[in-house]
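Each reported figure results from applying straightforward, stated rules to the coordinates on display, with no laboratory input. The model shown is predicted, which means the values in this text are computed figures rather than measured ones. All Cβ positions, even for glycine, are placed from backbone atoms using ideal geometry, and neighbour counts span all protein chains on display.
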Amino acid sequence: MKPVLTIGIAALGLCVAMTALASPASETQLAGVTMASAHRLKVTSAQFGPGGRIPEAQSSYGAGLSPALSWSGAPAGTRSYVVLAEDPDASTPKPFVHWVVFDVPGSAKGLPANGLPAGAKAGLNGSGKPGYRGPHPPADGDHHYHFQVFALDRQLGLAETSDRDAVAAAMRGHVLASGDLVGLYKKPGA
């Protein structure tokens, strides 16, 4: 009976895992790293809507201004936020990192256009520089830019020279809620 019981328990575990993976409210993919969370944040921008076009002013072809982001739905116990912007359509092995912001105060409801709230830190983008790097795709059509927000149960306390991988590692086990806003951008004239 043990083999049947073991197989039954394994199958039940697989079903539970598959159900959890199918639920968009339970976890957010972060370039191959699953960040489980019990709550879903609603993320919006004044510059573009879900699946909408990111204005040229927010691109590296334009002024390279970071977009304003707002979020709602954070659970009690939120101590800080992390904001990551990535392009999974880039020709690099991993999504290209356009923005890493962490230690955003838990009382914040968003990020202002082209700025950060007091206490927030800008980590290194995929170019190895701190701050926002606007979309700059080649002439290969639309790219999808994921602006991901994570509510955490603590401040990360990392150095501003931290990159996306260091921030993702420090977030593990501390994500209370997450959300994602996807905007589209393609090279002007392409």
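Restricting attention to the stretch 118-146, which residues are assigned to a loop (DSSP other than H, G, I, E, B) and over 12 Å from residue 87 (Cβ atoms)?
118, 119, 120, 123, 127, 128, 129, 131, 132, 139, 141
Confirm whether residue 181 is more than 22 Å from residue 115 (Cα to Cα) and under 18 Å from the mean Cα position of the chain (by Cα).
So residue 181 does not fit the description; no.
Could you grab me the full set of residues in the stretch 114-149 that are over 16 Å from the mean Cα position of the chain (by Cα) and crowded, with 20+ Cβ neighbours inside 10 Å?
Selection gives 137 alone.
What is the residue count in the stretch 56-95 for residues that are surrounded by fewer than 23 Cβ atoms within 10 Å (Cβ to Cβ), among the polar types (S, T, N, Q) and not in a strand (DSSP E or B)?
Number of matching residues: 5.
Please identify the pairs in which a residue from the stretch 65-78 that is in contact (Cβ under 8 Å) with a residue 60 or more places away in the chain and aliphatic (A, V, I, L, M) has its Cβ atom under 7 Å from the Cβ atom of a residue that is part of a loop (DSSP other than H, G, I, E, B) and surrounded by 13 or more Cβ atoms within 10 Å (Cβ to Cβ), counting only partners at least 6 apart or on another chain.
65/113; 65/114; 74/41
Return the residues of the stretch 165-176 that are outside any loop (DSSP other than H, G, I, E, B) and farther than 12 Å from residue 80 by Cβ; say none if nothing qualifies.
Selection gives 165, 166, 168, 169.
I need the full set of residues from the stretch 96-113 which are surrounded by fewer than 23 Cβ atoms within 10 Å (Cβ to Cβ) and either in a loop (DSSP other than H, G, I, E, B) or in contact with a helix residue (DSSP H, G or I) (Cβ under 7 Å, 6 or more places away or on another chain) (or both), in order please.
106, 107, 108, 109, 112, 113 - these are the residues of the stretch 96-113 that are surrounded by fewer than 23 Cβ atoms within 10 Å (Cβ to Cβ) and either in a loop (DSSP other than H, G, I, E, B) or in contact with a helix residue (DSSP H, G or I) (Cβ under 7 Å, 6 or more places away or on another chain) (or both).
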